[in-house]
1. From the cross-link list Lys252/Lys328; Lys201/Lys252; Lys201/Lys232, which pairs have alpha carbons spaced over 24 Å apart?
2. What number, in percent, do you get for the relative contact order of region 235-346 if the mean sequence gap of Cα pairs under 8 Å and at least 6 apart is divided by its residue count?
3. For region 235-346, what % of the accessible area comes from carbon and sulfur atoms, probe 1.4 Å?
4. Antiparallel DSSP bridges in region 33-226: what percent, to the nearest 5?
5. What number does region 33-226 give for Rg over Rh if you use C-alpha atoms and the Kirkwood radius?
6. Please work out how much accessible surface Ile194 shows to a 1.4 Å probe, ignoring ligands, DNA and RNA, in Å² rounded to 10.
7. Measure out, as a whole number of angstrom, how far apart the alpha-carbon centroids of region 137-183 and region 323-348 sit.
8. Carbon-plus-sulfur fraction of the accessible area of region 33-226, 1.4 Å probe, in percent?
Amino acid sequence: MARCSPPLLRRLFCRAAKSASAAGAGAGGTSKKNIVFLGSPQVAASVLETLLVASESPDSSFQVSAVVTQPPAAKNRGRKLMPSAVAQLALDRGFPGDLIFTPERAGEEAFLSDLKEVRPELCITAAYGNILPQRFLDIPPYGTVNIHPSLLPLYRGAAPVQRALQDGVEETGVSLAYTVRALDAGPAPELLAILFNLGSKLLLHELPSILDGTAKEKAKPQDDSKITHAPKLNSDESWLSFNQEAKLLHNKVRAFAGWPGTRAKLQLVNQNGEPDVLEIKVISTKACASCDKTGDGNEVLFSGNSLLIPCGGSSCLEVVELQLPGKKVTTARDFWNGLRGQRLLKSP
């Protein structure tokens, strides 16, 4: 997975897709080539599932010989160590446990030694989450190919889908790219699932040329002059500023869905005129170019099924669902009914 902090990974562009490609692994070959898959979250598990199913075909040219994923992590309230989604899928599919590698870092000597014993001819990465050192990249003779959910060189980085949604782009896609070291190289959950599913099909379509070496011959370096970056999300970015136009805020809500989410501060004014700060998590929204309802400029109103929050440029953000601290997600209507005559204002 691409990271923004040095040393950076440079992607050599192989192929990008904007619509689904015909899937199909190559036939031929008297022996199947060993592929090692690296990935961690659920979207990567769907890629592994596609590879495992395709490898079981009688005319498949490859087999998945090992899986590499992040170590088990503490989850839920019990803080019980749980395997990654990729590891769990592999186990559920009966994949040998001793061939599921979970190194803390991909440069560990013990891990690299185990990887060499598997004799991988190609490595495939999909949201793995670790920087791959040169010692790793030197092992597979056919290289390491990454599924990246953007149209490279656009949105190179750790959060391409979220940043594309935040920017409000009308078109995105998925790329297959060779990973090489280069010192000088410089709602989101739904879209991620769509793009990795598309990437799986694209990968199967391209695997024959990758495994016979012709893909590397036709691969072209990315045009560095066209690169845009997709830095990793952080929780400090989750706050909404209603001085911005509603369209920008709506894009941010879509982009940050899941984690870190989007938060906002409002003022709740009781019947005595006493204000209190109310922090909400904004779950789903719409954007209006202008507000039809009238207020004092800072007053939050309700219409239809939405809170109407005045924003920059005389626009209006419609909040459809929200969440109060320690509470479950609720509709704007239920929230509004619970105010019982109290006024709601934008925080200064």
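1. Pairs exceeding the cut-off: Lys201/Lys252; Lys201/Lys232.
2. Contact order relative to length: 29 percent.
3. Details: 2700 of 6030 Å².
Of the solvent-accessible surface of region 235-346, carbon and sulfur hold 45 percent.
4. Taking every DSSP beta bridge within region 33-226, about 30 percent pair in antiparallel fashion.
5. Ratio value, two decimals: 0.95.
6. Approximately 100 Å² for this residue.
7. If you average the Cα positions of each part, the centres end up 40 Å apart.
8. Values: 4440 of 8580 Å².
So the carbon and sulfur contribution to the accessible surface is 52 percent.
The values are calculated or read from the model by the stated rules, or taken from the named source; none is laboratory data. All of these numbers come straight from a predicted model, not from anything done at the bench. All Cβ positions, even for glycine, are placed from backbone atoms using ideal geometry, and neighbour counts span all protein chains on display. Side chains are part of the model used for accessible areas, which takes the heavy atoms of the whole protein and leaves out ligands, DNA and RNA. Shrake-Rupley method; radii C 1.70, N 1.55, O 1.52, S 1.80 Å.
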